[in-house]
Each structure stands twice: as C-alpha cells, then as structure tokens.
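Working notes for the structure below.
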Amino acid sequence: RIPTPVMSRMIQDPSTREDYSRDPRHVARKAATYLRGTGIADTCVVGPEAEFFVFDDVRFDQNAHEAYFHLDSAEAQWNRGRAEGPNLGYKLRHQEGYFPCPPSDQLLDLRTEMVQAMIQCGIDVEGQHHERAAAGQCEIDVGYRELVRMADQMCLYKYIVRNVARRHGKTATFMPKPIYGDNGSGMHTHFSLWNKGQPLFAGDGYAGLSQMALYAIGGVLKHARAVLAFAAPTTNSYKRLVPGYEAPVNLAMSQRNRAAAVRIPMYSSNPKAKRFEFRCPDPSCNPYITFTAILMAALDGITNKIDPGEPLDRDIYEMSPEDLAQARKARGSLEEALNELEK
C-alpha cells in the first residue's frame, strides 16, 4: 500500500481567500467563536457515541424489473442453519447482541484493530463493545473534546471504521436503521460547557446539575424537533426513532429513562463528569452542523431561561396510553423535521 495523507482543512473562496460560509467546519468554528463572545462559557465540550453495523455481504437494487435488498452477517440468528463448513453456532438473536463475550461476539478482534488505528491517528479511545442489535452492531467510545476538534475526529472515526472493515472483506455502515425489527444505530451526544478550565454544569439541581445546565436542556428540548433536521438527516433516521427499541422519542429529560431525548448520566459525582446526553442524533449526520445546532439550542435555553419541564423518570412500559400521549414527541419523518426547522 502507498501511504496517502487525509486532511481536515478549511474551504476558502478562491477569489477572496475568505472562508466559505457554507463549509460545515467553518460553521462549527463560527459557533465556537460565538460562544466565547456570549461570555457564558469559553468552551463547548462534546462526546459522541457513534454506533455502526458491520456486514459480511450487502446487495440491493431498484430497477424496472426488480426491487430488493439483502444484508448478511455471519453472527446473526438467520444463519443458524447455514452450511459454513462447519457452522459452529453461537448466533445472536434479535435485540440480544449487547455486550456478549466471544465466541458469540465475533467482531471483537476487528473492533480492536479499529481502536488501534484510531489511537495511532491521535483519537483518545475509551472503550469498545458489541451493541444490542444482533447482526454486527458495534460501538467504539472516544474521549470528549472541544466541539470543532471532536467533529474532525468523528470524520476520521468513520473513515477508519469503514477502511478497517474493508481490509477484512467486510463492510461497515453508519445507516441508522438497516435491519427491520432490531435496534438502530444512534450517536448519543454528551454535551457540557466549560469556562477557564472549569465545568459549568455541576450543581445542586436535578440529577446534580446546575441551573445553567437545566436551562441548556430546556433549550435543546424546545428546539429538538428542528435540530433533528440536522441530527437525524435521512428518511431512514426516522425508522430508528420509533418506540420499542430504546429510541429517544420522548422530548423530556431523565436521569434513568433511555427513551427520553435527554438523559443525565449518574455514574459519577465528579463535577467534570456532569453533562447531559442528547440521544436523538444518529451517525448519518454531519457532526460539524449537528454539534453546532445543539450548542445554539442550549445557548438559547440559557439566555432565555427556558424551563426543561418535569423529568420523565417513570417506567414508560407501566405508563398509561393517556399519560404517554401527554409527553411531547420527536417528529416521525424527515419532512416533519424540515417543517419544524423552517418554522
């Protein structure tokens, strides 16, 4: 192989030499500059959790005489009876892929190679594991970074995942919902604001958050339906955002409920770990634009002191249909999200 450089750079107008206004990276840099100008904070810290699928075979077509798609994963339950010479079993059933040990998890070594490549490229990796969907769903978690730098790293993350999979004769996809009836891939985005090296989201409010953090959540929840136009930007994204798959369809906050759009992690009381997790984005999105949209919604909440409302800490499976109907919901299609954005 011949080494080839891959670079993240700014796009400029060739005549004026000014940064191109619609370059996503330029948009993210403007947002970071705007944040500092508000005096609210000087740094936006982001930590995305991008999930993806690894398949062994992908075939699809749509033409005058046929329409079909076919996906295959060697570890999926539908291959229990396949002649593999030999078939050694340990196939995963729908929604039973979360954190199995090898040999059920057949992708551990592949993910480890992806992690090694990421570390070599300067990405701080915290861990990796099999995700809940059975047909090759994976997650590699990276350490938090400043907004623009993290968006750079997410582009590199996707590049590495796809190319390492291809090296092994497999294919990786960040499509939100490739498998019907199984969990989709999200990109839960952890978010906090800092000033002069100090975290601003720790306090004595709900779930150990500061009032600033609660107002930020209020802004994100208020604008969530419009933010989805950036954070869940494909028609397939809304196949994921449906009840029954731990999908964040309820526009509320919670310290425990994973069906809430905003979750507050509670594993640590360290002020530096205090943040909220916006669970609606998926990895098909542009990270520069999505992180910027979340930041601007949070700043609107802080500036205008938007109340996030009551937390959704109840077991949604025990709630009545009437109670569930009162909870504000994410939109069900890209068209609806675009309409919200236009408003």
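The values are calculated or read from the model by the stated rules, or taken from the named source; none is laboratory data. Treat the numbers as computed from the prediction; the structure is a model and nothing was measured. Cβ sites come from the backbone with ideal geometry, for glycine too, and all protein chains shown count toward neighbours. Note: areas computed on protein heavy atoms with side chains; ligands, DNA, RNA excluded. Shrake-Rupley method; radii C 1.70, N 1.55, O 1.52, S 1.80 Å.
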Test set (1) more than 22 Å from residue 285 (Cβ to Cβ); (2) of a type outside the set (Phe, Trp, Tyr); (3) part of a loop (DSSP other than H, G, I, E, B); (4) open to solvent by 30 Å² or more (accessible area, probe 1.4 Å) - residue 181 fails condition number: (4)
Residue that is surrounded by fewer than 18 Cβ atoms within 10 Å (Cβ to Cβ), within 25 Å of residue 264 (Cβ to Cβ) and either touching a Gly at 6+ places or on another chain (Cβ under 9 Å) or in contact (Cβ under 8 Å) with a residue 12 or more places away in the chain (or both), where the choices are 139, 146: 146
From the options 135, 117, 76, residue that is more than 20 Å from the chain's Cα centre (by Cα) and modelled with pLDDT under 95: 76
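One line per residue, one yes/no per condition, for (1) part of a helix (DSSP H, G or I); (2) aliphatic (A, V, I, L, M); (3) more than 27 Å from residue 211 (Cα to Cα):
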position: 281; (1), (2), (3): no, no, no
position: 290; (1), (2), (3): yes, no, no
position: 301; (1), (2), (3): yes, no, no
position: 309; (1), (2), (3): no, no, no
position: 335; (1), (2), (3): yes, no, yes
Qualifying positions in region 1-50 - more than 27 Å from residue 125 (Cα to Cα), assigned to a loop (DSSP other than H, G, I, E, B) and of a type outside the set (Val, Ile, Thr): 13, 14, 15, 17, 18, 20, 21, 22, 23, 39
When residues of region 317-343 are limited to those that are hydrophobic (A, V, I, L, M, F, W, C) and within 22 Å of the chain's Cα centre (by Cα), the one modelled with the lowest pLDDT: 330
Selection status of residue 293, in contact (Cβ under 8 Å) with a residue 12 or more places away in the chain, surrounded by 15 or more Cβ atoms within 10 Å (Cβ to Cβ) and either in contact with an Asp or Glu (Cβ under 9 Å, 6 or more places away or on another chain) or farther than 21 Å from residue 243 by Cα (or both): yes
Any hit, region 19-34, residues being at positive phi and either at pLDDT below 95 or open to solvent by less than 60 Å² (accessible area, probe 1.4 Å) (or both): no
